[in-house]
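Below is one structure, written out as structure tokens; the observations come after it.
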Amino acid sequence: MAQAEPRPPPNRAKSTICYVNDETGSAPGDDTTLAAAGIGRADLHMHTNLGDGWISPARLVQTAILRQLTLIAVTDHDHVEGARRVEELLSEQNCTVRMITGVEVSTRHGHLLGLFVKKAPRPLRPVQESIDAIKEQGGLVVVPHPLGMLVPSLSRRRIDSLLAAGYEIDAIETYNPSPANSAQRAAVRSANKDWGLAEIGASDAHFWQHIGAAYTRFPGTAPDDLRRAIIDRTTRAGGQDQRPARLNPAVYAAQCAWSWFVDPPRRMIRRRRESRVENRAHEG
């Protein structure tokens, strides 16, 4: 059954989402207060139907506007086509929402987010090589759904070893409300007291209903402001007071089937096409 279109909030001065306090313990305030104070709110982990998500680029843009997000990152698995399409739509509509290009990289040791990237690193490489590939193009490295058990995720031991070896991890999702990580939230926050990484809140949305269920606050509103805040460790993670909307189980089952049986072959075809283009460029 088709899902209903998201409705605009009845009072545009307020968000339709109820927010908890962020990890500093301060009151969240409403969106008008945040904007007046020069504080941005970003959802930095979302998936489109050009990847394994069930959100069309147009629906993603519409919902980001209605949820009054300042900044978004589209992070499909191992490609940036969804991010590019969303960026085109934002430009065509002259939206106030800003976007950065992101990607969720499938490494041999778990998933990794690259923000501010130009292209997707090759998948299924050691996590150390994936970190280097993100850094080589000026990107920032974020650990998504850390310690998660339901999807490939970096363990505490893996993160400890990477940091001890000098690999630069910029941030970590301390607030991810998806089933992949919500049960690990307290453990991640505790571990990050030792790691000292910038904290990120991100929805990991695969359905439009979950966009903005978690967010990252940062001083400023522009992409460069977010980059600076991550580097300076001045970001704050937060999210919904209530659990994200639970959909019909059949919807989740269909999305899982899409993720397992439809998206992987598309990614393989996409990667082969990109390899042919790269080979021709080298031959030329």
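The values are calculated or read from the model by the stated rules, or taken from the named source; none is laboratory data. Remember, it's a predicted structure, so these values are computed and weren't measured experimentally. Methodologically, a virtual Cβ is constructed for each residue, glycine included, from the backbone with ideal geometry; neighbour enumeration extends over all protein chains shown.
Checking each residue in the range 42-91 for being assigned to a helix (DSSP H, G or I) and crowded, with 21+ Cβ neighbours inside 10 Å picks out Pro57, Leu60, Val61, Thr63, Ala64, Gly82, Ala83, Val86. Determine, yes or no, whether Ser130 is hydroxyl-bearing (Ser, Thr, Tyr), closer than 16 Å to Gly102 by Cα and in contact with a Pro (Cβ under 6 Å, 6 or more places away or on another chain). Answer is yes for this residue.
Against the numbered list (1) part of a helix (DSSP H, G or I); (2) within 26 Å of Gly53 (Cβ to Cβ), Asp194 comes up short only at (2). Criterion applied to Ala198, Ala171, Ala191 was being closer than 15 Å to Leu140 by Cα, in contact (Cβ under 8 Å) with a residue 40 or more places away in the chain, of a type outside the set (Asp, Glu) and touching a helix residue (DSSP H, G or I) at 6+ places or on another chain (Cβ under 6 Å), and the one residue passing it is Ala171. I'd like the residue in the range 182-208 that is more than 23 Å from Gly40 (Cβ to Cβ) and of a type in the set (S, T, N, Q) and, out of all such residues, is surrounded by the most Cβ atoms within 10 Å (Cβ to Cβ). Checking each candidate, the answer is Gln184.
Looking only at residues in the range 13-41 that are in a loop (DSSP other than H, G, I, E, B) and of a type in the set (Asp, Glu), the one that is modelled with the highest pLDDT is Asp30.
Among the residues of the range 142-151, how many are surrounded by fewer than 24 Cβ atoms within 10 Å (Cβ to Cβ) and at pLDDT 95 or above? Number satisfying all stated conditions: 1.
Quick check on my filter: what residues within the range 161-182 are part of a loop (DSSP other than H, G, I, E, B) and more than 16 Å from His111 (Cβ to Cβ)? Listed by number, the residues that qualify are Ala165, Gly166, Glu168, Pro177.
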